[in-house]
Amino acid sequence: MEATITTDTTQVIDLHRPDDFHLHLREGALLQAVLPATVKHFARALVMPNLMTPIKTVKDAIAYRNQIQQLLPSDCDFQPLMTLYLTEETDPQLIKQAVSSGVIQAVKLYPKGATTNSSSGVRDIKHVRSVLDEMEAQQLPLCVHGEIVAPEIDVFDRESAFIDQVLLRIRKWNPGLRIVLEHITTQEAVDVVRDQFPFVAATITVHHLILNRSHIFDDGLHPHRFCFPVAKREKHRLKILQAATGGERCFFLGTDSAPHLEKHKLQPCGCAGIYSAPMALPCLAQIFEDHDLLGNLEMFTSEWGAEFYRLPKNPQRCRLIKSAQPVPLPSGPSIGNDRVEVFDPGFPIYWRVD
Ligand code: NCD
Ligand code: ZN
């Protein structure tokens, strides 16, 4: 059964249950606090490996997956899909092991210093060539945080510099390697993905469909709108929006929901990351509806990601209901005396997950 959409006053959207192909779940108390929102809305999530101690081995990934699964109610069939953190020390032998474990869906490339917990990341892409070769041979996808961090590169140009200097080099070295350019923010990224698909696809976050760079400074500084890659000019946001809503197989949802405690966000040098999980699907339904493209929502949330990762579509369903009044923004979870702020889209959302 495909998505049913009623456009009368009741307005219900019934979809194959969505997947989140880029998610930060953290660990310990924070994991416990944020996991329920994702489990309520998604059937599967690709869990990022950038913990304080990164997930570098199959054993680490299995232990982390167990930590997540132990927190799930017994009747819950949510599936965490695991990733490994690529370092300059990663042994190519690990790739065969990762594939045969059946637990690892991808390896994640963080350029060193690009974002939260990326100090073990890759300084020079040449140093991981043998791992990339093995991933190509074993058909294990590479997820990339596509930004170059260098003093001479402006923060708003980091993504386009990565495409020119790293992504296209990897494409030459390993033409058969499947790559996901994560959380894209620029016209250049949209263009390169369209051009290089089916070997390159992209995840798009909810917040990058909503925010441009001016919104970060609206009437003052908004730390809860700050993430990497940082939002770009409005013309880029419009390209990302067109890519996400257009039904193209190369673009799919990865929320990059990245919870940080307020005490870490609200600092003279605050952490990058936006916690969007509880609002992701309601915001998407609103955005697709506002553009008269609700018929393409299910492809973005529930089809193209699974297809790229060669996974079956989720048999379970998810229903979104439209209310007559805007749905209030949920308050974020508390952890001890602290809390996590939920992404506020800044416009009324009428949809909620049933
Ligand atoms: C993410 C995090 O906090 O782990 N932060 C972010 O700004 N997106 C890491 C990442 O995906 O860059
Ligand atoms: Zn991320």
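The values are calculated or read from the model by the stated rules, or taken from the named source; none is laboratory data. This is a predicted model, so every value here is computed, not measured. All Cβ positions, glycine included, derive from the backbone under ideal geometry; neighbour counts span all protein chains shown.
If the condition is being within 16 Å of ligand 2 (Cβ to nearest atom) and closer than 20 Å to residue 95 by Cβ, then the range 140-178 contributes 141, 142, 143, 144, 145.
Suppose the filter is within 16 Å of ligand 1 (Cβ to nearest atom), loosely packed, with under 15 Cβ neighbours inside 10 Å and not hydroxyl-bearing (Ser, Thr, Tyr); does residue 122 pass it? Taking the combined requirement at face value, the residue does not satisfy it.
Kindly provide the set of residues from the range 17-34 that are crowded, with 22+ Cβ neighbours inside 10 Å and either more than 16 Å from ligand 2 (Cβ to nearest atom) or without any contact (Cβ under 8 Å) to a residue 24 or more places away in the chain (or both), ordered by number. Scanning the range 17-34 gives a single hit, 18.
Regarding residue 263, is this residue over 29 Å from residue 313 (Cα atoms), surrounded by fewer than 23 Cβ atoms within 10 Å (Cβ to Cβ), more than 16 Å from ligand 2 (Cβ to nearest atom) and not hydroxyl-bearing (Ser, Thr, Tyr)? Answer is yes for this residue.
Tell me, please, whether a residue that is in contact (Cβ under 8 Å) with a residue 40 or more places away in the chain and within 16 Å of ligand 2 (Cβ to nearest atom) can be found in the range 288-301. The answer is no; no qualifying residue exists. Counting the residues of the range 219-245 that are more than 16 Å from ligand 1 (Cβ to nearest atom), within 24 Å of residue 193 (Cβ to Cβ) and of a type outside the set (Gly, Ala, Ser) gives 10. Please work out if residue 231 is farther than 22 Å from residue 264 by Cα, more than 13 Å from ligand 2 (Cβ to nearest atom) and of a type in the set (Gly, Ala, Ser). The answer is no for residue 231.
Residue 106 meets all of the listed conditions (1) over 14 Å from the mean Cα position of the chain (by Cα); (2) modelled with pLDDT of 95 or more; (3) of a type in the set (Gly, Ala, Ser) but one, namely (1).
Conditions (1) under 28 Å from residue 228 (Cα atoms); (2) among the polar types (S, T, N, Q), marked per residue:
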site	(1), (2)
66	no, yes
75	no, no
78	yes, no
102	no, no
121	yes, no
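Any residue at all in the range 174-181 that is in contact with a Pro (Cβ under 6 Å, 6 or more places away or on another chain), under 22 Å from residue 249 (Cα atoms) and more than 16 Å from ligand 1 (Cβ to nearest atom)? Scanning the range 174-181, I find at least one residue that is in contact with a Pro (Cβ under 6 Å, 6 or more places away or on another chain), under 22 Å from residue 249 (Cα atoms) and more than 16 Å from ligand 1 (Cβ to nearest atom), so the answer is yes. Where helices (runs of 4 or more DSSP H) fall entirely within the range 182-284, those with at least 2 residues that are among the aliphatic types (A, V, I, L, M) are at 187-196, 207-210, 234-245. Tell me, please, whether a residue that is at negative phi, within 17 Å of the chain's Cα centre (by Cα), outside any helix (DSSP H, G or I) and surrounded by fewer than 22 Cβ atoms within 10 Å (Cβ to Cβ) can be found in the range 299-309. Yes; the residues of the range 299-309 include at least one that is at negative phi, within 17 Å of the chain's Cα centre (by Cα), outside any helix (DSSP H, G or I) and surrounded by fewer than 22 Cβ atoms within 10 Å (Cβ to Cβ).
Any chance you could count how many residues in the range 266-282 are more than 10 Å from ligand 1 (Cβ to nearest atom) and surrounded by fewer than 21 Cβ atoms within 10 Å (Cβ to Cβ)? So the count comes out to 5.
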